[in-house]
Amino acid sequence: MIKALLFDLDGTLLDLDENEFVRAYTQQLALHMEPHFAPERFGRALMSGVQAMTQNLDAARSLKTVFGERFYAQLGTSEVEQSAELRRFYSQCFPALRTHSRALPAARTVMQWAQQAGLEVAIATNPLFPHTAVSQRLEWAGVSEAEFPYRLVTSYECAHFAKPTAEYWAEVLAVLGRRPAEVLVIGNDYALDIAPALQLGATAYWVAPPAQALPHGGLAPAGQGSLADFLVWVRTAGRLDAIPPAKLDPAALLPCLRAAPAALQAALCVLPVAQWAERGDPHEWSPLEILCHLRDTEIEVVLPQQAQVLEELNPFIVREDMTQWVLERAYNSSDPEETMHAYMAARQSTYARLQVLAAADWQRPARHTVFGPTRLCELVSIAVEHDRAHVSQVRSTVNAILERHGGVSELADERDLGSRG
């Protein structure tokens, strides 16, 4: 059953020619910074930074970090030196770019319907801009954050991957704590929105003329038409009840394995490291204990199980009893940064092993003490579900800790939280 709607922004909720808008944006920003940098040099650095974001697949680095490392280095400056000037641009100059867009009446109608229907809504725009630039465009579209309680608005502060990677959509799912079968992606760009969503096993609606042909070899979305057509389509009886079959192939599972650590970092980044050992509830694990559990599960369960399946013929896998590790290993006394590094390194080892496997290897059989007869692809799917459960647990625990201390941490404002609630 569909529980969350993931909307693209430009070209979907807001009528905007992206090429024209990006050209005007680049020119205006370069002009604003001209007293400090030659426009040509500034433009090259800006495009280089954007390219670095679109190519990033490192779950440990946000797109803001990736952009800054390339952009400021090429200009021979730093974020600290330019932050005030850039804030002035987005507050004083960026609003004038509104003339390059047009509000779509259907956008507001769709959002009002979704709100009344009790559905979660996320704005899944390509996160190549800072949050303020996304927030302003939502206002131009008539669907501002002030009016609609979006669970997530992706921007370069909180995202680690960009479109068209499936990792971008996998991170959105991980942040929301949703399975592919629980979301409906609505977007106007087949390559950026529809194809990667379908790759993960999500349902998708393509905002495109009904007669527009699919790209060669492209999978058909569940629906196709204008945004106004979408509202008619989605209201059809049973439309949100359909459950697409879970995909157990590498193209669907590998992006989820890569995205989970990114979503975990997004959940933890707002909490001072000194508070990672706190518990939101006396009977629940602390964020640090959850992180240690994920690290040890990856190193001592996931990696050895996969090796056993790949090296033995239909092996018998005994499930480890990990319930006592949290006390026996004194997880809350662990070093948070070392633990995170070890977890990320172990997950990278998992990914590196799996990404080179042949299709037949993913179907190798095994017998499990809990799951019975199984296959490698199903064991990987179980690992993905394990990630999803604990990332959601971390987010809930962090929120409880912050609430006890009076709200949002001074480390981040709401745009860095990844999601609300």
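The values are calculated or read from the model by the stated rules, or taken from the named source; none is laboratory data. Computed from a predicted model, the values in this text were never measured in an experiment. Note that each Cβ is placed from the backbone with ideal geometry, even for glycine, and that neighbours are counted across all protein chains shown.
For the subset of the range 348-371 comprising residues that are surrounded by fewer than 10 Cβ atoms within 10 Å (Cβ to Cβ) and farther than 14 Å from Q305 by Cα, which member is nearest to the chain's Cα centre (by Cα)?
If we take residues in the range 348-371 being surrounded by fewer than 10 Cβ atoms within 10 Å (Cβ to Cβ) and farther than 14 Å from Q305 by Cα, then A352 is nearest to the chain's Cα centre (by Cα).
Can you tell me which condition V66 does not meet? The list is (1) crowded, with 20+ Cβ neighbours inside 10 Å; (2) in contact with a Phe, Trp or Tyr (Cβ under 8 Å, 6 or more places away or on another chain), and all the others hold.
For V66, the failing item is (2).
Could you tell me which numbered condition A30 fails, if it satisfies all but one of (1) among the small types (G, A, S); (2) in contact (Cβ under 8 Å) with a residue 60 or more places away in the chain; (3) buried (at least 18 other Cβ atoms within 10 Å of the Cβ)?
The failed condition is (2).
Condition (residue is within 13 Å of L14 (Cα to Cα) and acidic (D, E)) applied to the range 132-143: is it met by at least one residue? Please lay out each step first, then the result.
Step one: list which residues in the range 132-143 are within 13 Å of L14 (Cα to Cα), which gives 134-143.
Next cut, acidic (D, E) only: 139.
Yes; the residues of the range 132-143 include at least one that is within 13 Å of L14 (Cα to Cα) and acidic (D, E).
I'm trying to understand the selection: among the residues of the range 327-383, which are in contact with a strand residue (DSSP E or B) (Cβ under 8 Å, 6 or more places away or on another chain), farther than 23 Å from P180 by Cβ and free of Cβ contacts under 8 Å to residues at least 24 places away in the same chain?
P373, the sole residue that qualifies.
List every residue pair whose Cβ atoms sit under 8 Å apart, with the two residues 6 or more apart in sequence or on different chains, where the first one lies in the range 98-122 and is of a type in the set (F, W, Y) and the second, anywhere, is outside any helix (DSSP H, G or I).
From residues that are of a type in the set (F, W, Y), the pairs are W113/R235.
Out of P261, P255, report the one residue that is under 23 Å from T374 (Cα atoms) and either buried (at least 19 other Cβ atoms within 10 Å of the Cβ) or assigned by TED's automatic domain parsing to the domain that holds L402 (or both). Reasoning before the result, please.
On the way: P261 fails: under 23 Å from T374 (Cα atoms).
After applying the criteria, what remains is P255.
Scan the helices (runs of 4 or more DSSP H) fully inside the range 146-259 and keep the ones with 1 or more residues being modelled with pLDDT under 95 and acidic (D, E). Write out each step before concluding.
Details: elements: 166-176, 195-200, 227-234.
Helices (runs of 4 or more DSSP H) meeting the threshold: none at all.
Quick test for you: out of G238, G177, pick the one residue that is in contact (Cβ under 8 Å) with a residue 60 or more places away in the chain and at positive phi.
G177
So the check is Cβ under 9 Å with 6+ separation or different chains; which pairs have a first residue in the range 71-87 that's over 13 Å from L46 (Cα atoms) and basic (K, R) and a second one that's modelled with pLDDT of 95 or more and surrounded by 14 or more Cβ atoms within 10 Å (Cβ to Cβ)?
Note: pairs meeting the criteria are R87/T132.
Just for the range 93-108: of the residues that are out of contact with any Phe, Trp or Tyr (no Cβ under 8 Å at 6 or more places or on another chain) and of a type in the set (D, E, K, R), which one is farthest from M33 (Cα to Cα)?
Checking each candidate, the answer is R108.
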